[in-house]
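Contents: one structure, followed by commentary.
The values are calculated or read from the model by the stated rules, or taken from the named source; none is laboratory data. Quick caveat: nothing in here was measured; it's all calculated off a predicted structure. Here the Cβ positions follow ideal geometry from the backbone for every residue, glycine too, while neighbour counts run over all protein chains shown.
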Amino acid sequence: MSDAEAHAYDADMRRANRRKAVDGRSVIFKIKRCDGPGKPSRWESFKVPVEEGANVISSLKWIAANPVTTEGSKTTPVVWDSGCLEEVCGACTMVINGRVRQSCSCLIDEYAPLEGDVITLEPMSKFPVIRDLWVDRDRLFSALTRVKAWVPIDGTYNMGAGPKESPEHQQMRYALSECMSCGCCLEACPQYTKVEDEEKWDTSFVGAHAISQARLFNEHGTGKQLKGERYDALSGPGGVSDCGNAQNCVKVCPKGIPLTESIGAVGRGTTIHAIKQFFQGKK
Ligand code: SF4
Ligand code: SF4
Ligand code: FES
């Protein structure tokens with residue numbers, strides 16, 4: 001089964017589950033909890049009544065108002081992060097039933113249609129846990145700094161019209177621009193190792209998101225001024241050659257960003273850049 005067929009099958013199954021969801025049921029949330037950085041983790045379960053249209057965030061809100069475990073013990077409200085509540089900011093990303101995704105768009109009817117069904121929630125494992133399901137994604141943003149994922153501007157005055165761009169090129173860049181820095185691609189990547197120590201961030205693989213954003217800005221009329229510097233950053237340790245081509249990243253990206261295509265394009269770009277540097281006597 002191809003990726004596209006598997007995706008369509010998965011969507012059909014979820015639609016079918018939604019149709020047969022039992023009204024007025026309760027589901028069990030099994031949540032991996034942690035009181036703070038460096039503290040041990042533990043599991044707690046909560047029985048949550050589900051209304052039509054409920055999602056993981058609305059269920060977490062119910063738990064926050066009723067922090068009592070299935071054993072009847074009073075506990076602290078579960079902590080999580082969120083912002084937009086419409087799969088745009090990426091803040092609510094967590095591992096749900098073993099798969100990384102956004103919790104705001106995760107409908108309970110699709111995951112737990114029957115009375116007593118269980119949903120497990122865990123924080124992403126590649127980022128330091130702040131508390132419970134809330135992780136520190138700074139490492140992800142620091143990788144974007146490493147590859148200079150921005151358009152350089154010299155002041156805020158009017159610089160006139162930019163270079164012309166074909167609709168096809170705009171469309172290609174638009175797809176890349178949809179990245180919301182959620183971290184799904186990093187959580188799924190075997191090359192992106194778990195790091196607890198903030199000092200080690202710069203020595204690790206930058207990740208598929210940063211490689212793809214480097215491509216986005218290399219393709220920008222003004223952003224391409226920094227193309228050489230981006231390729232320099234991606235030629236060294238932790239750069240594009242550290243990708244093992246497992247392609248897990250592209251399978252979990254909620255925005256369908258062509259990450260493996262970006263990795264291929266940036267890989268070719270860094271090679272050409274290195275050859276040019278060699279013949280110009282710079283390397
Ligand atoms: S293709 Fe590269 S970046 Fe994507 S999951 Fe595999 S190793 Fe990670
Ligand atoms: S590339 Fe996709 S999975 Fe990775 S951070 Fe961006 S939106 Fe999330
Ligand atoms: S809250 Fe923004 S993506 Fe879920």
* Asked: How do the pairs read when you match residues in region 203-232 that are within 16 Å of residue 191 (Cα to Cα) and not assigned by TED's automatic domain parsing to the domain that holds residue 248 with residues anywhere that are within 11 Å of ligand 2 (Cβ to nearest atom) and among the acidic types (Asp, Glu), using Cβ under 6 Å and keeping only pairs 6 or more apart or on different chains?
  -> none
* Asked: Taking region 116-146 only, how many residues are assigned to a loop (DSSP other than H, G, I, E, B), modelled with pLDDT under 95 and within 14 Å of ligand 2 (Cβ to nearest atom)?
  -> 3
* Where residues in region 182-238 are of a type in the set (A, V, I, L, M, F, W, C) and surrounded by fewer than 18 Cβ atoms within 10 Å (Cβ to Cβ), which of them is modelled with the highest pLDDT? -> 195
* Structure fact -> Within region 154-188, of all residues that are in a helix (DSSP H, G or I) and of a type in the set (Asp, Glu), the one farthest from ligand 1 (Cβ to nearest atom) is 168
* Quickly run through region 204-229 and pick out the residues that are within 17 Å of residue 259 (Cα to Cα), in a helix (DSSP H, G or I) and away from ligand 3 (no atom under 16 Å from the Cβ). => 208, 210, 211, 212, 213, 214, 215, 216, 217, 218
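Across region 232-253, what is the number of residues that are within 23 Å of the chain's Cα centre (by Cα), assigned to a helix (DSSP H, G or I) and away from ligand 2 (no atom under 15 Å from the Cβ)? Write out each step before concluding.
Going residue by residue through region 232-253, those that are within 23 Å of the chain's Cα centre (by Cα) are 233-234, 237-253.
Among the residues that remain, those that are also assigned to a helix (DSSP H, G or I) are: 233-234, 240-242, 248-252.
So of that shortlist, the ones also away from ligand 2 (no atom under 15 Å from the Cβ) come out as 233-234, 241-242.
The qualifying residues number 4.
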* Structure fact -> Considering region 169-181, residues that are of a type outside the set (Gly, Ala, Ser) and in contact (Cβ under 8 Å) with a residue 60 or more places away in the chain, and then whichever is surrounded by the most Cβ atoms within 10 Å (Cβ to Cβ), we arrive at 179
* Selection from region 98-115 of residues that are closer than 17 Å to residue 183 by Cα and away from ligand 2 (no atom under 12 Å from the Cβ) -> 98, 99, 103, 104, 105, 106
* Within the bounds of region 157-168, is there any residue that is surrounded by 11 or more Cβ atoms within 10 Å (Cβ to Cβ), away from ligand 2 (no atom under 16 Å from the Cβ) and not assigned by TED's automatic domain parsing to the domain that holds residue 86? -> yes
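May I ask you to verify whether residue 95 is surrounded by 19 or more Cβ atoms within 10 Å (Cβ to Cβ) and β-branched (Val, Ile, Thr)?
Taking the combined requirement at face value, the residue satisfies it.
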